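Asker: Just dropping this structure here.
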Amino acid sequence: MKFGTKAIHAGQGPDPTTGAVMTPIYQTSTYWQKSPGDNKGYEYSRGTNPTRKALEDCLAALENGKFGLAFSSGMGATDAVMKMLRPGDEVITGNDLYGGSYRMFTKLYAPFGIKFHFIDFSDPENIRQYINENTRLIWVETPTNPTMQIVDLSAVAKIAKENKLLLAVDNTFASPYLQTPLDLGADIVMHSVTKYLGGHSDVVMGALIMNDEKLYKDLFFIYNATGATPGPQDSFLVLRGIKTLHLRMKAHCENGRQIAAFLKGHPKADKVYWPGFPDHPNHEIAKKQMRDFGGMISFTLKDASLEETFRVASSFKVFTLAESLGGVESLVNHPVTMTHASIPKADRDKVGVTDNLLRLSVGVEDVEDLLEDLKQALS
Ligand SMILES: *Cc1c(COP(=O)(O)O)cnc(C)c1O
């Protein structure tokens, strides 16, 4: 089955009791048992719920995986992966990471005795020098946030396999429409479902998708034991959102293409980060592993102070100044004070997250209105 068909049908069929075409919201915490232990496959909704199960099967299908687990946020999903580690274990991850992941790794898990190496993945061979007998996991984000670097997933997967390490990929920025890391050798895909998968900025949710049954069982144990699982109402909303994922992504990519080109030619824009530019340092890898280049674009304002950057950020009329991304509406974000405030300045500067950087999540509005808004905000 192709992507759009899976987005609409995978995991879902007419409801067995009523024939309802759309998956019902099973708003129940518990399930009837005929005699103790004799049930219809559901016991308690922290562990399993039919609405959530339909969503998990759909997510697995979209990522070409066998198993899906939905969590109450992207951070909840990330946390479950980290709970597979033990004191003394080491993790290799990127130096250009989602701020919340960086905060979790350094403030929660490092004090429990887990060691993190924040490295430059632009040359995957760079990974080898950080691998030792304690290394367990490689955690990759691509495209990176907010400077849109692309990590060569096949090359990283090869190194992970050679050294028997788990490879987890945060696929939030790409969405499964643009990139399916399991096909490239990853063991776990993580999503902040809040973003493109939900697509309407009305739900916070996360997910993990995998192929290996043992890994699924281990992660399901953590999911059920710790309980960061989403409710049926949110699961329904995301199932509904996913039905248009392929249509929305096409529009995000097309609008992104036009806005990236506009910014590149604008005298007030200095660096423009978008992997679709032929002169982007990782353009060839992006072309190889992604279906298209997406609607996430970052750019710096030429010679702008923090105050001038704030002025531009506050003067949009169609773009909304807000954290998050991936919804139908266009957003503008100032990483230094918003999404990346928890990352120390020295580390931010190293990867180009400077005071004059703005990040756009290009929505699916009419692109003429978005271009007009950028023009007036930059003038
Ligand atoms: C938003 C985001 C997360 C965290 O997800 P939540 O749903 O907000 O908990 C993780 N990684 C990336 C790349 C994100 O954009």
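The values are calculated or read from the model by the stated rules, or taken from the named source; none is laboratory data. Bear in mind that the values here come from a model prediction, so they are computed numbers and not experimental data. Please note: Cβ atoms are built from the backbone with ideal geometry, for glycine as well, and neighbour counts cover all protein chains shown.
To keep it simple, each residue is scored yes or no on (1) away from the ligand (no atom under 15 Å from the Cβ); (2) touching a residue at least 24 places away in the same chain (Cβ under 8 Å); (3) on the phi < 0 side of the Ramachandran plot.
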{"residue": "K195", "(1), (2), (3)": "no, yes, yes"}
{"residue": "H200", "(1), (2), (3)": "no, yes, yes"}
{"residue": "K214", "(1), (2), (3)": "yes, no, yes"}
{"residue": "D234", "(1), (2), (3)": "no, yes, yes"}
{"residue": "M249", "(1), (2), (3)": "yes, yes, yes"}
{"residue": "C253", "(1), (2), (3)": "yes, yes, yes"}
{"residue": "A260", "(1), (2), (3)": "yes, yes, yes"}
{"residue": "G265", "(1), (2), (3)": "yes, no, yes"}
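Asker: Among the helices (runs of 4 or more DSSP H) contained in segment 144-263, which hold 2 or more residues that are of a type in the set (D, E)?
Answerer: Details: elements: 153-162, 175-178, 213-226, 232-242.
Helices (runs of 4 or more DSSP H) meeting the threshold: 213-226.
Asker: Determine which single condition T300 fails, assuming it passes every other condition in (1) away from the ligand (no atom under 16 Å from the Cβ); (2) assigned to a strand (DSSP E or B); (3) touching a helix residue (DSSP H, G or I) at 6+ places or on another chain (Cβ under 6 Å).
Answerer: Just one mismatch for T300, condition (3).
Asker: Now for a separate question. On the basis of being of a type in the set (S, T, Y), in contact with a strand residue (DSSP E or B) (Cβ under 6 Å, 6 or more places away or on another chain) and in the same structural domain as L62 (by TED's automatic domain parsing), does T172 make the cut? First the steps, then the outcome.
Answerer: On the way: of a type in the set (S, T, Y): yes; in contact with a strand residue (DSSP E or B) (Cβ under 6 Å, 6 or more places away or on another chain): yes; in the same structural domain as L62 (by TED's automatic domain parsing): yes.
For T172, the condition - of a type in the set (S, T, Y), in contact with a strand residue (DSSP E or B) (Cβ under 6 Å, 6 or more places away or on another chain) and in the same structural domain as L62 (by TED's automatic domain parsing) - is met.
Asker: Quick test for you: out of A186, A207, pick the one residue that is outside the structural domain of L331 (by TED's automatic domain parsing) and more than 10 Å from the ligand (Cβ to nearest atom).
Answerer: Values: A207 fails: more than 10 Å from the ligand (Cβ to nearest atom).
Among A186, A207, only A186 is outside the structural domain of L331 (by TED's automatic domain parsing) and more than 10 Å from the ligand (Cβ to nearest atom).
Asker: A further question follows. How many residues, within segment 38-62, are under 16 Å from A207 (Cβ atoms), polar (S, T, N, Q) and touching a residue at least 12 places away in the same chain (Cβ under 8 Å)?
Answerer: 2
Asker: Give all pairs with beta carbons closer than 7 Å in which a residue from segment 64-87 that is hydrophobic (A, V, I, L, M, F, W, C) meets a residue that is at pLDDT below 95; count only pairs at least 6 apart in sequence or on separate chains.
Answerer: Sorted first by the residue in segment 64-87, then by its partner, the pairs are M75/G100.
Asker: Return the only residue of D170, D218 being charged (D, E, K, R), crowded, with 23+ Cβ neighbours inside 10 Å and touching a residue at least 40 places away in the same chain (Cβ under 8 Å). Even if it seems obvious, please write down each step before you answer.
Answerer: Details: D218 fails: crowded, with 23+ Cβ neighbours inside 10 Å.
On inspection, the qualifying residue turns out to be D170.
Asker: Looking only at residues that are out of contact with any Phe, Trp or Tyr (no Cβ under 7 Å at 6 or more places or on another chain) and of a type in the set (A, V, I, L, M, F, W, C) in segment 40-61, which one is nearest to I8 (Cα to Cα)?
Answerer: C58
Asker: Taking into account only those residues within segment 3-34 that are in a loop (DSSP other than H, G, I, E, B) and either of a type in the set (S, T, Y) or assigned by TED's automatic domain parsing to the domain that holds R291 (or both), which is surrounded by the most Cβ atoms within 10 Å (Cβ to Cβ)? Let's see the steps before the verdict.
Answerer: Kept after step one, since they are in a loop (DSSP other than H, G, I, E, B), are these residues of segment 3-34: 10-29, 31-34.
If we keep only those that are either of a type in the set (S, T, Y) or assigned by TED's automatic domain parsing to the domain that holds R291 (or both) too, we end up with 17-18, 23, 26, 28-29, 31.
Values: T17: 7, T18: 8, T23: 23, Y26: 21, T28: 14, S29: 11, Y31: 16.
Filtering segment 3-34 for residues that are in a loop (DSSP other than H, G, I, E, B) and either of a type in the set (S, T, Y) or assigned by TED's automatic domain parsing to the domain that holds R291 (or both), the one surrounded by the most Cβ atoms within 10 Å (Cβ to Cβ) comes out as T23.
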